[in-house]
1. Label the range 163-256 by shape, choosing from rounded, prolate and oblate, from the square roots a ≥ b ≥ c of the eigenvalues of the Cα gyration tensor; if a/c is under 1.5 it is rounded, and otherwise prolate applies when a/b is larger than b/c, oblate when it is not.
2. If you find the alpha carbon centre of the range 89-111 and of the range 1-31, how far apart are they in angstrom?
3. Leu191 versus Ser158, label points 7 Å from Cα toward the beta carbon: distance in nm?
4. Quick one: net charge of Ser33's neighbours, Cβ under 15 Å, K/R +1, D/E -1?
5. Under a Cβ-Cβ cut-off of 11 Å, what is the net charge of the residues other than Ala92 that fall near it, where Lys and Arg count +1 and Asp and Glu count -1?
6. Classify the range 3-76 as rounded, prolate or oblate, taking a ≥ b ≥ c as the square roots of the eigenvalues of its Cα gyration tensor: rounded when a/c is under 1.5, otherwise prolate if a/b is larger than b/c and oblate if not.
7. At a threshold of 8 angstrom on Cα-Cα distance, excluding pairs fewer than six apart, so keeping six or more, what relative contact order does the chain reach in percent?
8. Quick one: net charge around Ala50, please, counting Lys, Arg +1 and Asp, Glu -1 for every other residue with C-beta under 11 Å from its C-beta.
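Rule-based calculations on the coordinates, nothing more; no lab input. These figures come from a predicted structure and were not determined experimentally. With ideal geometry, Cβ positions are generated from the backbone for all residues, glycine too; neighbour counts draw on all protein chains shown.
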Amino acid sequence: MTNQEDELLYKRFIELSNRAYQSNIYCFSDFLSIAQQDVFFRAVRDKSFAPIAYELFGGNDICERKMVRFGSEADFGFEMEYPILCVKIEPAARKFAGHHSHRDFLGSLMSLGIDRKKFGDIFVDDMEAYLYVEETTVQYVMENLTSVGRDVVKCSVSQLPESYIRDALKSSIIQVASPRADAVISKVYNLSRKDTIPYFTEKKVSVNGRVVENNDKILSDGDTVSVRGFGKFNFVRDIGLSKKGKHNIEVEVFGG
């Protein structure tokens with residue numbers, strides 16, 4: 001994103017917060033990338049941001065791209081669901097279908113002229129995929145997404161299977177000298193501590209949707225860490241020290 005795009009998005013978040021607060025209505029952002037979520041968290045600290053509750057969600061807890069919902073049941077007296085639906089994309093003739101990558105599905109969607117901010121994460125398993133879509137765009141996707149690569153496909157409103165959620169996370173125990181972000185990232189992705197530094201300086205590391213530039217940040221139980229180019233993982237908990245004084249950390253790595 002350019003600085004100008006960041007500035008426009010920043011102002012948009014403040015506008016939505018004030019609209020929700022002044023009109024007593026729920027307001028929603030588009031789907032946001034990790035970088036755009038960082039712009040949101042900067043806007044929250046602006047004195048012009050309205051004193052109203054907010055929450056980020058992408059259709060499922062394991063999603064990276066998320067919408068912001070401005071307002072809560074405590075604010076308005078009722079709950080409103082996110083305008084997100086899950087669309088299943090599958091081959092019309094599975095017997096003759098080929099295998100497709102995330103890029104194949106994304107390319108087919110983009111070729112329809114759909115703005116990237118109108119759909120979220122795509123979960124792919126060879127011949128089929130599950131896609132989170134902003135609800136006003138769902139009908140267009142279902143009517144116009146008729147092929148991926150050379151294969152004819154069909155779309156239907158569905159839910160992401162629990163198996164995808166389980167398979168998306170690989171749980172393990174790692175040992176690190178400290179729960180610092182650079183130490184944990186180096187262990188999870190098999191890098192040297194020195195090799196992690198550019199990812200911080202180039203703003204490629206985020207914790208809970210917020211860009212982190214300090215490699216010595218201490219991670220806490222429940223943190224979600226994203227490293228552009230590698231993926232993301234959950235820092236589940238610090239189990240305690242080993243006999244040699246190292247921290248035993250439980251992590252869940254996405255896409256493991």
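1. Working: a/c = 1.65, a/b = 1.04, b/c = 1.59.
Oblate is the answer for the range 163-256, as a/c is 1.5 or above yet b/c matches or exceeds a/b.
2. Using only Cα atoms to place each centre, the spacing works out to 34 Å.
3. That separation, rounded to one decimal, is 3.4 nm.
4. On the way: positive: Arg12, Arg42, Arg65, Lys66, Arg116, Lys117, Lys118, Lys203, Lys204, Arg210, Arg228, Lys232; negative: Glu5, Asp6, Asp30, Asp38, Glu64, Asp115, Asp121, Glu134.
Here the count lands on +4.
5. Working: positive: Arg94, Lys95, Lys154; negative: Glu90, Asp151.
Charge balance in the 11 Å sphere: +1.
6. On the way: a/c = 2.08, a/b = 1.11, b/c = 1.87.
It comes out oblate by the Cα gyration axes.
7. Details: 474 pairs, mean separation 38.9, N = 256.
Computed value for the chain: 15 percent relative contact order.
8. Numbers: positive: Arg19, Lys47; negative: Glu15, Asp46, Asp75.
Residues near Ala50 contribute -1 overall.
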